[in-house]
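Notes to accompany the following structure.
The values are calculated or read from the model by the stated rules, or taken from the named source; none is laboratory data. Because the structure is predicted, anything quoted here is derived from the model rather than measured. Reconstructed Cβ throughout: ideal geometry from the backbone, glycine too, with neighbour counts over all protein chains shown.
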Amino acid sequence: GGPAGLAAACALRARGFDAHVFEASEALLRRGTGTGIMVSANGWRALEACDEALPPAIREAGAKISRQNITVCDEDGGVRRAIGSDAAQMEKDYGHAQYNVPWHDAHAALAKMLPDEVVHCGAKATGYAVETGFDLVGEESVRLMLEDDREVRCTMLVVADGAGSALRAQVANSGKVEKGGDDARPTSQLLWNALIPTERLQGVSTELPGIHRPGEVEFVTCGKDGKAILSFDSGAGGITSWYLTLDESDAPEAVRAALSSGEFGGFGHAGRVDALKEEFSAFQGALALLGATEETEIFERRLADRQPLSEDQWYDGPVVLLGDAAHPMVPSQGQGTMVAFEDAADLAECLKAAGVAGPAVAAARYARVRASRAARIQRWSRDA
Ligand SMILES: Cc1cc2nc3c(=O)[nH]c(=O)nc-3n(C[C@H](O)[C@H](O)[C@H](O)COP(=O)(O)OP(=O)(O)OC[C@H]3O[C@@H](n4cnc5c(N)ncnc54)[C@H](O)[C@@H]3O)c2cc1C
């Protein structure tokens, strides 16, 4: 029931398949993690290929990006260089404008496209079995096991349960559960982010590095590897999305203590705003963003991805991986959801093209189309 699963369900239903969504949470719509999704040209193309009703619904919830600015600063906040690129040129080159949409609004827009009766919440998947001979013609089918002992039988299972996927290891190991291992790759990059009403920044000069102008993206490097400020409009309703990043080696004492005691991560840690204000004291823009934000609105995390999977690890008979379950990536390029939308469109097309050849043939084709592209974008996102 994340953006990947919902987009896939939309794409499949648009082609006449009876796709259902099984979501672990009790409610489909919930608070995001304070991020905005940058929807770029490949995302728009993929959404359109999923279902032509999707792009207008997402666009309506987003803010159009008119310009990207990069400011290179010294450690003491002095500006060394500022460059910018006009988004109109990008729109001309790639055929689509960039929009930023709060994650929860993009999610809600996708959810609205599906009839209530095909979304099943409180349905946590724990494993699956590919079986033959369940029906009279002896076709392969999948038995999905849920945590509450219910089972669901289907002809194809799309595993889209996110970066912490419960089923990824089983799919990647050709259905064998015992061989699964944790291939998570944490980085040393720490991220704090929030979505706030832009009106809270009224009176703050947009000349300060880190404070975006209406419709513009403002990215500031702060003189140390991994130390940066990012802000931009997110969403149609006057929302600013901001991000501060630090390498773990530069983290303030309070953050290091939280990291070693396992209390780092999630929303609202007391004292975090003060610690970040101290670390970013030379950057008035960062101080203004922190000053305009409640501690409870700030989400923190360590950035991580997983090892790219080879083509044969993307599927197990008629079971496929999709979205972050297949290719969790560092969000440096804002591509996680875009690649998930591409997965969704390609999967639906492969299934349609396979026709009577069936889901297992479609799954193999889908893996062939997706694996190397997703791996390339994962590597690019990690190395950037
Ligand atoms: C800071 C940050 C910024 C980002 N910015 C961008 C951006 O600008 N552009 C972009 O394209 N991407 C961006 N991303 C990436 C994007 O957020 C993810 O790629 C996207 O949310 C992945 O969607 P998903 O549906 O695969 O996974 P998720 O969003 O994690 O959804 C998985 C769903 O599965 C459910 N689930 C979990 N386990 C089970 C289970 N066992 N059984 C049933 N259901 C289960 C979960 O409850 C959830 O609803 C960003 C990510 C971060 C962290």
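Taken together, the residues in segment 233-249 that are more than 11 Å from Thr35 (Cβ to Cβ) and either of a type in the set (Gly, Ala, Ser) or modelled with pLDDT under 95 (or both) amount to 7.
All but one of (1) within 16 Å of the ligand (Cβ to nearest atom); (2) free of Cβ contacts under 8 Å to residues at least 12 places away in the same chain; (3) within 17 Å of His212 (Cα to Cα); (4) of a type outside the set (Phe, Trp, Tyr) hold for Arg81, so report the exception by its number. Here Arg81 clears every test but (1).
Selection within segment 89-127: residues that are of a type in the set (D, E, K, R) and under 26 Å from Arg15 (Cα atoms). The member of this set that is nearest to the ligand (Cβ to nearest atom) is Asp105. Contact annotation: residue pairs with Cβ atoms under 7 Å, 6 or more positions apart or on different chains, pairing a residue in segment 92-115 that is surrounded by fewer than 17 Cβ atoms within 10 Å (Cβ to Cβ) with a partner that is part of a helix (DSSP H, G or I) and at pLDDT 95 or above, are Tyr94/Ala41; Gly95/Ala41; Lys112/Ala57. The set of residues in segment 1-50 that are under 18 Å from Met156 (Cβ atoms), in contact with a helix residue (DSSP H, G or I) (Cβ under 6 Å, 6 or more places away or on another chain) and of a type outside the set (Val, Ile, Thr) comprises Ala4, Leu6, Ala7, Ala8, Cys10, Ala11, Leu12, Arg15, Ala19, His20, Cys50. Within segment 324-337, the set of residues being more than 8 Å from the chain's Cα centre (by Cα) and in a helix (DSSP H, G or I) comprises Ala325, Ser332, Gln333. Filtered by the rule that a residue be surrounded by fewer than 22 Cβ atoms within 10 Å (Cβ to Cβ) and near the ligand (Cβ under 8 Å from one of its atoms), segment 311-332 gives a lone residue, Pro331.
Residue count for segment 149-164, restricted to those that are in contact (Cβ under 8 Å) with a residue 24 or more places away in the chain, more than 15 Å from Ala362 (Cβ to Cβ) and more than 7 Å from the ligand (Cβ to nearest atom): 2. The residues of segment 179-226 that are under 18 Å from the mean Cα position of the chain (by Cα), among the polar types (S, T, N, Q) and either closer than 16 Å to Cys73 by Cα or surrounded by fewer than 17 Cβ atoms within 10 Å (Cβ to Cβ) (or both) amount to a single one, Thr187.
Condition check ((1) farther than 26 Å from Glu52 by Cβ; (2) among the hydrophobic types (A, V, I, L, M, F, W, C); (3) assigned to a helix (DSSP H, G or I); (4) not assigned by TED's automatic domain parsing to the domain that holds Cys10) across all residues:
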position	(1), (2), (3), (4)
Glu300	yes, no, no, yes
Glu349	no, no, yes, no
Ala353	no, yes, yes, no
Arg370	no, no, yes, no
Ala375	yes, yes, yes, no
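Taken over segment 194-213, the residue count meeting the criterion of being over 26 Å from Phe264 (Cα atoms) and in contact with a helix residue (DSSP H, G or I) (Cβ under 8 Å, 6 or more places away or on another chain) is 5. Among strands (runs of 3 or more DSSP E) entirely within segment 120-224, having at least 2 residues that are under 30 Å from Val21 (Cα atoms) and either at pLDDT 95 or above or in contact with a Pro (Cβ under 9 Å, 6 or more places away or on another chain) (or both) singles out 125-132, 140-146, 151-154, 157-159, 184-197. When you check Ile229 against the structure, is it within 17 Å of Cys73 (Cα to Cα), touching an Asp or Glu at 6+ places or on another chain (Cβ under 8 Å) and not in a loop (DSSP other than H, G, I, E, B), yes or no? Here the answer is yes, as Ile229 does meet what is asked.
A quick yes/no check of all residues on (1) surrounded by 15 or more Cβ atoms within 10 Å (Cβ to Cβ); (2) over 27 Å from the mean Cα position of the chain (by Cα); (3) not in a helix (DSSP H, G or I):
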position: Ser241; (1), (2), (3): yes, no, yes
position: Ser249; (1), (2), (3): no, no, no
position: Ala258; (1), (2), (3): yes, no, no
position: Asp274; (1), (2), (3): no, yes, no
position: Leu289; (1), (2), (3): yes, no, no
position: Thr293; (1), (2), (3): yes, no, yes
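Which of the residues spanning segment 1-52 are in contact with a Lys or Arg (Cβ under 6 Å, 6 or more places away or on another chain) and more than 8 Å from the ligand (Cβ to nearest atom)? Answer for segment 1-52, where residues must be in contact with a Lys or Arg (Cβ under 6 Å, 6 or more places away or on another chain) and more than 8 Å from the ligand (Cβ to nearest atom): Arg15, Ala19.
Every condition in (1) more than 15 Å from the ligand (Cβ to nearest atom); (2) of a type in the set (Gly, Ala, Ser); (3) in contact (Cβ under 8 Å) with a residue 60 or more places away in the chain; (4) closer than 24 Å to Ala374 by Cβ is met by Ser66 except one, and the failing one is (4).
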